[in-house]
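Asker: The structure is given below, and queries will be raised subsequently.
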Amino acid sequence: MKKIKTPDYQIFLGDAAEALDKWLKKNQYASHFALIDEQAYRLHKKRIDDWCKKHKIKALQISVNEKLKSIRTCEKIWTWLMAEGADRHSLLLNIGGGIIGDMGGFAAATYKRGMAFIQMPTTLLAQVDASIGGKLAVNFKSIKNNVGVFRNPETIIIDTAFLKTLSDRELTSGFAEVIKHALIVDKKLWKKLNKIENLRAVNWDKLLPQAVAVKNEIVKIDPYEKKERKSLNFGHTIGHALESIFMKTKNPLLHGEAIAVGMICEAFLSHESGFISKNELTAITAFISRFYTKRKITTSQIKKVSQLVKHDKKNKGKKVNYTFLRGIGDFKINQSATTPSLEGSIYYYLNC
Ligand SMILES: NC(=O)c1ccc[n+]([C@@H]2O[C@H](COP(=O)([O-])OP(=O)(O)OC[C@H]3O[C@@H](n4cnc5c(N)ncnc54)[C@H](O)[C@@H]3O)[C@@H](O)[C@H]2O)c1
């Protein structure tokens with residue numbers, strides 16, 4: 001069992017049963033509850049049932065998608081917690097991907113002004129990114145993560161055994177955040193990633209600690225996103241807008257898929273601003289394109305992106321805020337781009 005320490009909590013990497021046993025032996029709560037991703041539950045039923053039985057955990061399974069990451073679902077969670085007698089001294093264990101973590105965390109952080117919660121991420125995206133750093137939110141009025149809070153969990157338990165049942169598409173989606181971590185601060189990790197041909201063959205127990213450490217170090221320095229944490233938004237200004245637009249279509253983009261497109265576009269903008277070379281842009285574009293199928297984006301959708309980025313949470317005043325790369329393994333926050341440049345970056349993606 002590996003442990004990564006942060007000032008406020010610990011991250012366990014290893015066997016989830018062992019980590020949970022240790023945590024619940026050391027820490028007393030009035031009662032235990034679990035919010036569980038329906039699919040993760042179905043695929044890991046035996047283990048999860050064992051934990052629930054052993055630690056007297058009452059469980060609620062829910063199905064997830066971005067439309068259900070909502071205040072309405074939170075109402076359902078709060079109603080269930082009330083009916084089961086959860087109080088401020090109870091614990092909520094969130095077992096699932098980024099949606100369960102963000103929404104379960106938000107529901108816990110606001111229930112009776114805040115009950116304790118543990119994140120047990122079951123997707124690559126949640127293990128490497130979403131579960132770390134205390135950002136909790138739900139979507140509202142078609143805008144991603146529009147309503148939320150910052151609050152850290154009691155602990156995070158990362159068990160890579162969950163990744164074995166993830167679909168190829170979900171695994172690839174999560175890989176986008178690993179790529180982002182390498183691009184913004186870790187050139188050595190970038191070199192390692194470039195050797196990967198097949199995500200199924202990756203030893204996640206070896207690779208994850210390095211990728212998790214990147215996020216952990218950044219949120220440790222800047223928990224409330226005043227400066228360094230903005231680096232993690234690389235690819236996300238355009239990525240989130242695309243994710244919101246495709247959410248309303250028959251073919252939604254997964255979060256990481258949208259971020260992959262966003263990273264190509266924002267790498268293009270970084271190059272246009274003189275922060276990365278043509279060779280670096282080409283290398284980034286080629287590597288990302290190796291894993292993600294090209295998506296069609298229509299002219300009217302491109303226009304919508306330039307409208308939607310104006311509502312991004314990261315903006316200050318009327319200026320759209322981007323994080324650019326400054327070479328591979330470094331970043332530059334608080335950047336801007338004109339609407340023609342933004343649209344040009346999407347055309348670059350479509351034609352690369
Ligand atoms: N809080 C943050 O800092 C942060 C950072 C990045 C992303 N996010 C959020 O995370 C969300 C995306 O997370 P995600 O990609 O994990 O999506 P998700 O939670 O929708 O999970 C993806 C799919 O995988 C299934 N699944 C979960 N665990 C599984 C397992 N072990 N085996 C098989 N299937 C499994 C789920 O049922 C779902 O269908 C977005 O809403 C995004 O906004 C938050």
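The values are calculated or read from the model by the stated rules, or taken from the named source; none is laboratory data. Treat the numbers as computed from the prediction; the structure is a model and nothing was measured. With ideal geometry, Cβ positions are generated from the backbone for all residues, glycine too; neighbour counts draw on all protein chains shown.
Asker: Among the candidates S345, S289, which residue alone is farther than 25 Å from A126 by Cα and at pLDDT 95 or above?
Answerer: S345
Asker: While we're looking at this one, here's another question. Which one of these is without any contact (Cβ under 8 Å) to a residue 40 or more places away in the chain and assigned by TED's automatic domain parsing to the domain that holds M263: K318, K313, K304?
Answerer: Unique residue meeting the criteria: K318.
Asker: Give the residues of region 37-67 that are of a type outside the set (V, I, T), modelled with pLDDT of 95 or more and within 23 Å of the chain's Cα centre (by Cα), sorted by residue number.
Answerer: The answer is D37, E38, Q39, A40, Y41, R42, L43, H44, L60, Q61, S63.
Asker: Looking at region 111-121, which of its residues are more than 8 Å from the ligand (Cβ to nearest atom) and buried (at least 24 other Cβ atoms within 10 Å of the Cβ)?
Answerer: The answer is F117, I118, Q119, M120.
Asker: Please specify each residue of region 276-304 satisfying the condition of being of a type in the set (F, W, Y) and outside any loop (DSSP other than H, G, I, E, B).
Answerer: Residues satisfying the conditions are F287, F291.
Asker: Further, regarding this structure: If a residue must be more than 10 Å from the ligand (Cβ to nearest atom) and either crowded, with 22+ Cβ neighbours inside 10 Å or acidic (D, E) (or both), how many such residues does region 163-172 contain?
Answerer: 1
Asker: In addition: For region 135-162, how many residues meet the condition of being near the ligand (Cβ under 8 Å from one of its atoms), surrounded by 22 or more Cβ atoms within 10 Å (Cβ to Cβ) and of a type outside the set (K, R)?
Answerer: The number of residues fulfilling the criteria is 3.
Asker: Taking only pairs six or more apart or across chains, which ones have beta-carbon atoms under 8 Å, a first residue in region 1-26 that is surrounded by fewer than 18 Cβ atoms within 10 Å (Cβ to Cβ), and a second residue that is of a type in the set (S, T, Y)?
Answerer: The qualifying pairs are Y9/T155; Q10/T155.
Asker: State yes or no: is D102 within 23 Å of S244 (Cβ to Cβ), surrounded by 21 or more Cβ atoms within 10 Å (Cβ to Cβ) and in contact with a strand residue (DSSP E or B) (Cβ under 7 Å, 6 or more places away or on another chain)?
Answerer: It is true that D102 is within 23 Å of S244 (Cβ to Cβ), surrounded by 21 or more Cβ atoms within 10 Å (Cβ to Cβ) and in contact with a strand residue (DSSP E or B) (Cβ under 7 Å, 6 or more places away or on another chain).
Asker: Just checking, does region 256-274 include any residue being part of a loop (DSSP other than H, G, I, E, B) and modelled with pLDDT of 95 or more?
Answerer: For region 256-274, residues part of a loop (DSSP other than H, G, I, E, B) and modelled with pLDDT of 95 or more: present.
Asker: State whether one or more residues within region 122-134 are more than 15 Å from the ligand (Cβ to nearest atom), under 22 Å from L13 (Cβ atoms) and touching a residue at least 12 places away in the same chain (Cβ under 8 Å).
Answerer: No, that holds for no residue.
Asker: Considering only residues of region 49-74 that are within 21 Å of I118 (Cβ to Cβ) and either outside the structural domain of V147 (by TED's automatic domain parsing) or in contact (Cβ under 8 Å) with a residue 40 or more places away in the chain (or both), which is farthest from the ligand (Cβ to nearest atom)?
Answerer: Looking at residues that are within 21 Å of I118 (Cβ to Cβ) and either outside the structural domain of V147 (by TED's automatic domain parsing) or in contact (Cβ under 8 Å) with a residue 40 or more places away in the chain (or both), I get C74.
Asker: Sticking with this structure for a sec: Within region 95-110, how many residues are closer than 18 Å to T155 by Cβ, near the ligand (Cβ under 8 Å from one of its atoms) and of a type in the set (A, V, I, L, M)?
Answerer: Total satisfying the criteria: 1.
Asker: Scan region 310-320 and give yes if some residue there is farther than 24 Å from N194 by Cβ and among the polar types (S, T, N, Q), otherwise no.
Answerer: yes
Asker: Condition check: out of contact with any Asp or Glu (no Cβ under 8 Å at 6 or more places or on another chain) and modelled with pLDDT under 95. Does E243 satisfy that?
Answerer: Taking the combined requirement at face value, the residue does not satisfy it.
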